[in-house]
1. Of everything in the stretch 117-130, what is touching a helix residue (DSSP H, G or I) at 6+ places or on another chain (Cβ under 6 Å) and open to solvent by less than 10 Å² (accessible area, probe 1.4 Å)? Give them in sequence order.
2. Go through the residues of the stretch 248-256 one by one and say whether even a single one is farther than 27 Å from Pro36 by Cα, of a type in the set (Asp, Glu) and assigned to a loop (DSSP other than H, G, I, E, B).
3. List the residue pairs whose Cβ atoms are under 6 Å apart, where the first residue sits in the stretch 30-54 and is closer than 15 Å to Ser87 by Cα, the second is acidic (Asp, Glu), and the two are 6 or more positions apart or on different chains.
4. Within the stretch 63-111, take every residue that is touching a Lys or Arg at 6+ places or on another chain (Cβ under 8 Å) and of a type in the set (D, E, K, R) and give me the one that is farthest from Arg20 (Cα to Cα).
5. So which residues in the stretch 91-101 are in contact with a helix residue (DSSP H, G or I) (Cβ under 6 Å, 6 or more places away or on another chain) and on the phi < 0 side of the Ramachandran plot?
6. State yes or no: is Asp114 open to solvent by 50 Å² or more (accessible area, probe 1.4 Å) and either of a type in the set (Gly, Ala, Ser) or in contact (Cβ under 8 Å) with a residue 40 or more places away in the chain (or both)?
7. Look through Ala107, Ala92 and report the one residue that is small (Gly, Ala, Ser), at pLDDT 95 or above and open to solvent by less than 10 Å² (accessible area, probe 1.4 Å).
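The values are calculated or read from the model by the stated rules, or taken from the named source; none is laboratory data. Bear in mind that the values here come from a model prediction, so they are computed numbers and not experimental data. For neighbour counting, all protein chains shown are included, and Cβ atoms are generated from backbone atoms with ideal geometry for every residue, glycine included. For the accessible areas, the whole protein counts, side chains as well, though only heavy atoms, and no ligand, DNA or RNA atoms are used. Shrake-Rupley method; radii C 1.70, N 1.55, O 1.52, S 1.80 Å.
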Amino acid sequence: MKLAFSTLGVPGLPISDVLRLATAHGYHGVELRAHPEEPVHPGIGTDERAEVASEFKAAGVEVLGVAGYARVAAPGDDEVVIGEIRSLVELARDLGAPYVRVFPGGAEGQDPADADAVAARRLGTAAEYGADLRVRILLETHDSHRTGAAATRVLGLVGHRQAGALWDVMHTWLGGEQPQDSYAALSPYLGYVQVKDIVSAEDTTPVALGAGVLPLAECVEVLSRHGWDGWLCWEYEKRWYDHAEPLASLLGAGREHLGRLLNESA
């Protein structure tokens, strides 16, 4: 498996510094948070996109994915959501990234079957566009569809290869799903896996990998047992927790911890 980290853990950091961290600590890729607060987002121009792609290529680091904030199950106009996803897909294409992340985003009180149908309709349309640009759109296990079982209700309706799943191991665990059950549900659709660790179910402050309560060893073991050889991406949610320790000081130990888990599960 290849290792990456998300720029959610280093909010606002210039790309050159992000790449220095990746190369210094042995990470193969970076997931780019695509938000106007960040250096890279759909609003940047062609020249800026080309410069970012060039920086990554020169550093020998891959752009794993573009982590967007489109909410595919949210009430409202389909075209607004589909347009947002298309702009993310175009950014990913320009950067050479294979994946775009979207959220479910179903509203409180929304009928689950309606949320599933809305999300599937939008993802199906966006997936056709993604196929043309060779970018895969991944529905993250998050918010209204935080378990693998919930996410695959949507993906089963879509039935398009360019619509897949992003397994956030925190959300499936908080949803009461065991790693082997999450993998069983998501494996036909799985793009990559977001790993992390937190203080507790009640306190989701990010901590160093292995220092919290999430079943990371079990997640890596089930992936290894089934011969999955994709990406593990450390999503350290520093942007939402000012008091959390800086990610830069944790990256080396995090890389070593994931390496140990991979060796133990081999």
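1. The answer is Ala119, Arg122, Leu123, Ala126, Gly130.
2. no
3. Qualifying pairs under 6 Å: Arg49/Asp94.
4. Among residues in the stretch 63-111 that are touching a Lys or Arg at 6+ places or on another chain (Cβ under 8 Å) and of a type in the set (D, E, K, R), the one farthest from Arg20 (Cα to Cα) is Asp78.
5. Matches in the stretch 91-101: Arg93, Asp94, Leu95, Val100.
6. Against the criterion (open to solvent by 50 Å² or more (accessible area, probe 1.4 Å) and either of a type in the set (Gly, Ala, Ser) or in contact (Cβ under 8 Å) with a residue 40 or more places away in the chain (or both)), Asp114 does not qualify.
7. Ala92
Residues checked against (1) over 28 Å from Ala244 (Cα atoms); (2) acidic (Asp, Glu):
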| residue | (1), (2) |
| --- | --- |
| Phe5 | no, no |
| Ser16 | no, no |
| Leu19 | no, no |
| Gly29 | no, no |
| His41 | no, no |
| Arg49 | yes, no |
| Val81 | yes, no |
| Asp111 | yes, yes |
